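S.K.: The structure that follows is given in the form of structure tokens.
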Amino acid sequence: MNRPLTKNFQSLGPPLSLAEYEKAGGYQAMRRALTAMEPGQVTALVNAANLRGRGGAGFPTARKWSFVPMGKDAPRPRYLTVNADEMEPAAFKDRVLLEGDPHQLIEGIIIAAFAIQAEIAYIFIRQCYTTAFRRLNTAIAEAYAKGYLGRNILGTDFHLALHLHESAGRYICGEETALLNALEGRRPVPRAKPPFPPVIGLWGKPTVTNNAETICNVPHIIQNGPDWYRALSLTPDGGTKIYGVSGKVVKPGAWELPLGVSMREVIEEHAGGLRPEVKLRAVLPGGASTALLPPDHLDIKMDFNSMQAAGSRLGTGTLVVIDDKTCIVGLVLNLLNFFARESCGWCTPCREGLPWIVKLLKAIENGDGRPEDLTRLKEQPRLMAPGHTFCPLAPGAMEPLQSALTYFEDDFKRHIQEKRCPWK
């Protein structure tokens, strides 16, 4: 099986140095892009490859790049920001890539920056990713020393400064405009849109923000072509995906697999299935902000469109396996408590609504719930639907709550009727 994103991973020791990465074929795609292609040709190849963003939204990467004003009269400087903050609970795919092959990310950044003619790039990395931070710092220094970063890269007129920015670690920075505010040294709250960042972004200049995994795909598309990249996938969307599994499975971890494998294959073949003492009850297919799916959904393909049709989202592609000894009410309470704590507090529905929902869930979990609490909980996904809040944080928080009420309403009723948590 072709695994371009992880082919250079070493089981023990540090990642490949720049010299070792070049021996493995690294930076050849960068050379091709900068010396034999125009920026628009790079974008066209990525568009033909059907690369969709791997941060959760699945927006077509080349389409986002195409929104950047180009030409002699376009505003400068232009910025590329790479989101490696990864504060979604249970998500760890970006950390795997950053620690395993940092030069792959740097090469992707150079190519993407060339495509949008950005002079400055930032990697926005989670504060507690100390190993990834250290390895990226080393790789960036190597790239500067080699002349792959800085001025007149490969003798061309293309310049790129790359900075590694250590995040303060807030989930809201997953929203791209909140990330830009954080980079500017301001409170990380979302901005009103329009204008959109590709036109007016960091410090008022055109800015593209891509997820780290998304950028890691770019060198392979340039090197091998869009047809090759699309053939890696089991769906019309191209490429592979880093899928992760956590929970009570035999072998929790992360694997690079064709985009569109089923949840069953990921859980049973790669994660070894559930431990003998438990049975499967549900799955969060793409992290904490995706809707729970019961076991009869296991054969659904893990791609953007299939997951949406099933009533959930691919999200980060990191599955959380829920067993029959885990309280669904307690699980949702834990997730909503996280979202309430991480709210930026900018809009009233999120700032006031999420803590209030946590209060209701705590009462139900502790045996103090009332039947009318269930009615109130069912109203919240509608009240905090997309468009009712300033950003997608609160609507994302509603996905596990709404799905739990859809598939496991009896669990909530049992808590209320028995005035206790039956799983304790």
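S.K.: Could you grab me the full set of residues in the range 128-169 that are touching a residue at least 60 places away in the same chain (Cβ under 8 Å), polar (S, T, N, Q) and under 17 Å from residue 85 (Cβ atoms)?
M.R.: Within the range 128-169, 167 is the sole residue that qualifies.
S.K.: Would you check if there is a residue in the range 383-396 being among the polar types (S, T, N, Q), farther than 16 Å from residue 333 by Cα and under 22 Å from the mean Cα position of the chain (by Cα)?
M.R.: Looking through the range 383-396, at least one residue is among the polar types (S, T, N, Q), farther than 16 Å from residue 333 by Cα and under 22 Å from the mean Cα position of the chain (by Cα).
S.K.: Among helices (runs of 4 or more DSSP H) lying entirely in the range 288-407, which contain 1 or more residues that are touching a residue at least 60 places away in the same chain (Cβ under 8 Å), on the phi < 0 side of the Ramachandran plot and not hydroxyl-bearing (Ser, Thr, Tyr)?
M.R.: Filter on the range 288-407 gives 304-309, 328-342, 393-407.
S.K.: Moving to a separate point now. Filter the range 352-366 down to the residues that are in contact with a helix residue (DSSP H, G or I) (Cβ under 7 Å, 6 or more places away or on another chain) and either of a type in the set (Lys, Arg) or exposed (fewer than 15 other Cβ atoms within 10 Å of the Cβ) (or both) and list them by number.
M.R.: 362 - this is the single residue of the range 352-366 that is in contact with a helix residue (DSSP H, G or I) (Cβ under 7 Å, 6 or more places away or on another chain) and either of a type in the set (Lys, Arg) or exposed (fewer than 15 other Cβ atoms within 10 Å of the Cβ) (or both).
S.K.: Any residue in the range 37-62 that is touching a residue at least 60 places away in the same chain (Cβ under 8 Å) sitting within a Cβ distance under 9 Å of a residue that is assigned to a loop (DSSP other than H, G, I, E, B) and polar (S, T, N, Q)? List the pairs, counting only those 6 or more apart or interchain.
M.R.: Matching pairs, first to second residue: 39/117; 50/233; 50/235; 54/316; 55/316; 56/289; 56/290; 56/316.
S.K.: Right, another one. Kindly list the number of the only condition in (1) surrounded by fewer than 24 Cβ atoms within 10 Å (Cβ to Cβ); (2) polar (S, T, N, Q); (3) assigned to a strand (DSSP E or B) that fails for residue 223.
M.R.: Condition not satisfied by residue 223: (3).
S.K.: Quick test of your reading of the structure: residue 98 fulfils all but one of (1) out of contact with any Asp or Glu (no Cβ under 8 Å at 6 or more places or on another chain); (2) surrounded by fewer than 23 Cβ atoms within 10 Å (Cβ to Cβ); (3) within 28 Å of residue 284 (Cα to Cα). Name the failing condition by number.
M.R.: If we test residue 98 against (1) out of contact with any Asp or Glu (no Cβ under 8 Å at 6 or more places or on another chain); (2) surrounded by fewer than 23 Cβ atoms within 10 Å (Cβ to Cβ); (3) within 28 Å of residue 284 (Cα to Cα), just (2) comes out false.
S.K.: Checking residue 127 against (1) out of contact with any Ser or Thr (no Cβ under 8 Å at 6 or more places or on another chain); (2) within 18 Å of residue 98 (Cβ to Cβ); (3) surrounded by fewer than 19 Cβ atoms within 10 Å (Cβ to Cβ): exactly one of these is not met. Which one?
M.R.: Going through (1) out of contact with any Ser or Thr (no Cβ under 8 Å at 6 or more places or on another chain); (2) within 18 Å of residue 98 (Cβ to Cβ); (3) surrounded by fewer than 19 Cβ atoms within 10 Å (Cβ to Cβ) one by one, residue 127 breaks only (1).
S.K.: Turning to a different aspect of this structure: With respect to residue 377, is the statement that it is within 21 Å of residue 322 (Cβ to Cβ), outside the structural domain of residue 56 (by TED's automatic domain parsing) and surrounded by 15 or more Cβ atoms within 10 Å (Cβ to Cβ) true?
M.R.: Yes.
S.K.: Considering only residues that are more than 18 Å from the chain's Cα centre (by Cα), over 11 Å from residue 80 (Cα atoms) and part of a helix (DSSP H, G or I), which ones fall in the range 196-216?
M.R.: Within the range 196-216, 203, 204 meet the criteria.
S.K.: Go through (1) in contact with a Ser or Thr (Cβ under 7 Å, 6 or more places away or on another chain); (2) crowded, with 19+ Cβ neighbours inside 10 Å for residue 252 and report which single condition fails.
M.R.: (2)
S.K.: Looking only at the range 343-364, how many residues end up being modelled with pLDDT under 95 and in contact with a Phe, Trp or Tyr (Cβ under 9 Å, 6 or more places away or on another chain)?
M.R.: 6
S.K.: Okay, next question. With the checklist (1) closer than 20 Å to residue 25 by Cα; (2) touching a helix residue (DSSP H, G or I) at 6+ places or on another chain (Cβ under 9 Å) in hand, flag the one item residue 141 doesn't pass.
M.R.: Only one criterion in (1) closer than 20 Å to residue 25 by Cα; (2) touching a helix residue (DSSP H, G or I) at 6+ places or on another chain (Cβ under 9 Å) is unmet by residue 141, namely (2).
The values are calculated or read from the model by the stated rules, or taken from the named source; none is laboratory data. Nothing here was measured: the structure is a model prediction, and the numbers come from that model. So basically every Cβ, Gly included, is an ideal-geometry build from the backbone, and we count neighbours across all protein chains shown.
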